[in-house]
1. For residue 23, enumerate residues with amide H under 5 Å from its amide H, sequence gap 5+ or separate chain, H modeled in the peptide plane.
2. Taking the beta-carbon count within 10 Å as an exposure proxy, list 213, 114 from fewest neighbours to most.
3. Can you give the local net charge around residue 195? Use residues other than it whose beta-carbon is closer than 10 angstrom to its beta-carbon, Lys and Arg +1, Asp and Glu -1.
4. What list do you get for 84, 181 if you sort them by fewest beta carbons within 10 Å?
5. What is the Cα radius of gyration of region 23-130 over 2.2 N^0.38 Å, N being its residue count?
6. How far, in degrees from 0 to 90, does helix 97-107 lean away from the longest principal axis of the Cα atoms of the chain, to the nearest 10?
7. Please arrange 184, 51 by how many other C-beta atoms lie within 10 Å of their C-beta, fewest to most.
8. Around residue 110, with a cut-off of 11 angstrom between Cβ atoms, what is the net charge of the other residues, counting Lys and Arg +1 and Asp and Glu -1?
Amino acid sequence: MTGATPAIAVRGLRKDFGSFSAVRGISFDVAPGEIVGFLGPNGAGKTTTIKMITGLLRITSGTVAVNGLDNRRELPRVKRMLGYMSQKFSLYPLLSALENIEFFGGISGLAPRELRAAMARMEQQVAGAILRQKIQDVPPGIRQKVALFVCLLPDPAIILLDEPTSGVDPEARRAFWSEIYGLKTQGKTLLVSTHNLDEAEYCDRILIIHDGELVAAGAPDELLRQKRQASIEALFQDAIREHGQD
């Protein structure tokens, strides 16, 4: 971490749903230009945390700053900096890929000429016949590719991807991470949640969350050395085990 203002700064973040605490006072930074993997099992608190960062969920306590701006006091400005690809709802299933691009591009404020250029770029990557099918009928890998494309239409500086490779085959996962690397080379900052532990190797740093609490954080190689573990899976299991003994 450098002395630069963090792209994302989370301090004491907590989310309660009645008597249940989904996120329990976590703190972390994401540096500009960094890929951070947010690892944890389903129900660990990853999605809840990401939704609080984006302003989609009200924060119970704690703070989130995006490029130094408090996301509660400056939410409209913060939203213009963020691109968000949600785990479940990213695209309208009964619209085609091109119709989704047109719809979300319009919401993002793209001019008609920019929308036409965006759709042309998409057709250079995926066959037009597929792009004209309802999005629910195209293969999962193509669906995720379109969802990422839509997320990037406003050209956000900071990108939050919630389980982006869930349900896709290994080849599609590798292709998706290649696109993520390409975004990093453009200077983008990425926070990527996943329960696929092997994806940690693609990240500059990882955050491991369990039962709403951070149980480990750092560069994958450094954590493996510190914990004397041979694999991310062993590191993950050890961190969960230690957390359960606290």
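Values in this text are rule-based calculations from the coordinates and carry no lab data. None of the values given here were measured: they were computed from a predicted structure. We place every Cβ from the backbone using ideal geometry, glycine too, and count neighbours over all the protein chains shown.
1. Sorted by chain and number, the residues that satisfy this are 15.
2. 114, 213
3. Taking every Cβ under 10 Å from that of residue 195, the sum is -1.
4. Fewest-to-most ranking of 84, 181: 181, 84.
5. Dividing the Cα radius of gyration by 2.2 N^0.38 Å gives 1.30.
6. Helix 97-107 sits roughly 70 degrees off the main axis of the chain.
7. On the way: 184 16, 51 21.
Final ranking by Cβ density, sparse to dense: 184, 51.
8. Residues close to residue 110 contribute a combined charge of -1.
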